[in-house]
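Novice: Here it is, the structure, as structure tokens.
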């Protein structure tokens, strides 16, 4: 369906729900076109092509809400769904905090957001498979020790329309593209417990438009170098040292912070940041932004899943917590205003600093350059942080040798407060992203 056809369907469904007895109605119509090809050792391992669509209908009667969904978009099916939703709403418990968004919050960001790329939809299947094959071939040609764990090309086109009984009805199309390579190498150090162990790593590029993807050679080279730099890894001593997070591990850390500032976790008292608004919880070096209105980013959208206009929200300003990320319901529970964070993730990032990565590493006499985190242990409920890790040991301001088989421990508040330096290498391969940063001290549990 075209966006205009989806709008007609969504608007008609809202009006039918209201005339059938719903006090409020909200409808979402979504269509997804997905492709994924994974190759290994020159052969296709996975090939997926699919088109799916569904409709979501939410109605309320006397603050009693019910939601139904279906992949059958026929008029008969939708009429039946509306009846089922209204009947179900009558037997639900009332929720005094439920309502549609405030009318003045509804709307779309003006201007070109650059989230839709027609080339993504028109790429031939054969070319997409060939990209995955070329990516694997490029990696294996760089070093004979490399073992391919698979190369992937995927893309998708999502069409979405939101309509409600306040009169809002709008939609947009959004594309995404991904190339990813995972590889391994035999680790045979001269001595130590890691003899015979395989070391592995990966790299990827993701963007709304096909042309914005990094060159195949760069993705392959980065994956290979991240794998080979782990060979000969040893377990570090137990100590407390400065830790430099690379952009990948910094983003993993920030994903947990995003959960901690989620309005749902806040009103359920399931976050270490409950009751900490306007408090200084981090270093003055740290400013964290949520912004779904940035053009050309993976987390960009004109409005959220309630039809609330996207906007820029300062979550943390120079270490001070200024806002949670909330949809309309969460905001009412917290006596706040929505920040336009219903549904899909937006762009959530640490504002870049003035240093390059080398300058930050040069300030560390002895410490860790962190390149990988594993397993559970980032607990945003209690605020404790303890995860398995890999990295490169720093000696006298230089990367010295790889380390593995240890855990890294602190608290989220301690880490936020301990961020001393932030680099200028912010990249947008993901919607939650961060530049390199240095934490002044964390506990390494090794030998």
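No lab work stands behind these numbers, since they all come straight from the coordinates. These numbers come from a predicted model, not from an experiment. Positions of Cβ are generated from backbone atoms using ideal geometry, with glycine treated the same way; all protein chains shown enter the neighbour counts.
Novice: According to the Cα gyration tensor, what semi-axes, each the square root of 5 times an eigenvalue, does the equivalent ellipsoid of the range 239-445 have, listed from largest to smallest in whole Å?
Specialist: 30, 18, 14
Novice: What is the ratio of the Cα radius of gyration of the range 394-447 to 2.2 N^0.38 Å, with N the residue count, to two decimals?
Specialist: 1.34
Novice: Could you give the nm distance between label points at residue 93 and residue 344, where each point is 7 Å from its Cα heading toward the beta carbon?
Specialist: For residue 93 paired with residue 344, the spin-label model returns 3.3 nm.
Novice: Tell me the label-point distance for the pair residue 15, residue 381, using the 7 Å Cα-to-Cβ offset, in nm and rounded to one decimal.
Specialist: For the pair residue 15/residue 381, the computed spacing is 4.8 nm.
Novice: Based only on other Cβ atoms within 10 Å, what is the fewest-to-most ordering of 348, 385? Present the calculation step by step, with values, prior to reporting the outcome.
Specialist: Details: 348 26, 385 21.
Going from sparsest to densest Cβ surroundings: 385, 348.
Novice: Right, something else. Mind listing the Cα extents of the range 3-228 along all three principal axes, in Å, largest one first?
Specialist: Projected onto its principal axes, the Cα set of the range 3-228 covers 74, 41, 34 Å.
Novice: While we're looking at this one, here's another question. Can you give me the relative contact order of the chain as a percent, contacts being Cα pairs under 8 Å and 6 or more apart? If you can, show how the numbers build up before the last one.
Specialist: Working: 1158 pairs, mean separation 68.9, N = 447.
In percent, rounded to a whole number, it is 15.
Novice: While we're on this one: How high is the relative contact order of the range 323-388? Use alpha-carbon pairs under 8 Å, at least six apart in sequence, and give a whole percent. Write down the numbers at each step before the final one.
Specialist: On the way: 43 pairs, mean separation 11.3, N = 66.
Taking the mean separation of contacting Cα pairs over the length of the range 323-388, I get 17 percent.
Novice: Still on this model: GNM, the chain, Cα, under 10 Å: largest mean-square fluctuation among 339, 24, 432?
Specialist: The residue that fluctuates most here is 24.
Novice: What's the angle, to the nearest 10 degrees (0 to 90), between helix 247-260's Cα axis and the longest principal axis of the chain?
Specialist: The angle comes out at about 40 degrees.
Novice: Turning to a different aspect of this structure: Just rank 108, 283, fewest to most, by other beta-carbon atoms within 10 angstrom. The partial results should precede the final answer.
Specialist: Details: 108 16, 283 20.
Ordered by Cβ neighbours within 10 Å, fewest first: 108, 283.
Novice: Kindly provide log₁₀ I(q)/I(0) values, in the same order as q = 0.12, 0.22 Å⁻¹, from the Debye equation applied to equal alpha-carbon scatterers of the range 335-390.
Specialist: -0.58, -1.10
Novice: Among 366, 136, which comes first, then next, by fewest other beta-carbon atoms within 10 Å?
Specialist: With the sparsest Cβ surroundings first, the list reads 366, 136.
Novice: OK, next. Provide the three semi-axes, in whole Å and in decreasing order, of the ellipsoid equivalent to the range 165-312 as defined by the square roots of 5 times the Cα gyration tensor eigenvalues.
Specialist: Three semi-axes, in Å: 38, 26, 13.
Novice: Continuing with this model, one more query. Mind telling me which of 127, 325, 40 comes out most flexible in a GNM of the chain, alpha-carbon contacts under 10 Å?
Specialist: Comparing 127, 325, 40 in the GNM, the peak value goes to 127.
Novice: For helix 75-91, report the angle its Cα long axis makes with the longest principal axis of the Cα atoms of the chain; keep it between 0 and 90° and round to the nearest 10°.
Specialist: Helix 75-91 and the main axis of the chain meet at about 90 degrees.
Novice: Could you give log10 I(q)/I(0) at q = 0.17, 0.19, 0.22 Å⁻¹ for the range 7-93, computed by the Debye formula over C-alpha point scatterers of equal weight, without solvent?
Specialist: Listed by q, the Debye log ratios stand at -0.67, -0.77, -0.96.
Novice: Also, I was wondering about something else. How large, in Å, is the range 297-342 by the Kirkwood hydrodynamic radius built from its alpha-carbon pairs?
Specialist: Kirkwood hydrodynamic radius for the range 297-342: 11.2 Å.
Novice: Any idea what angle helix 216-228 forms with the longest principal axis of the chain, computed on alpha-carbon atoms, 0 to 90 degrees, nearest 10?
Specialist: Roughly 50 degrees, rounded to the nearest 10.
Novice: Can you work out the base-10 log of I(q)/I(0) for the range 332-433 at q = 0.13, 0.20, 0.21, 0.24 1/Å, using the Debye formula on its C-alpha atoms alone?
Specialist: Each listed q corresponds, in turn, to -0.66, -1.32, -1.38, -1.44.
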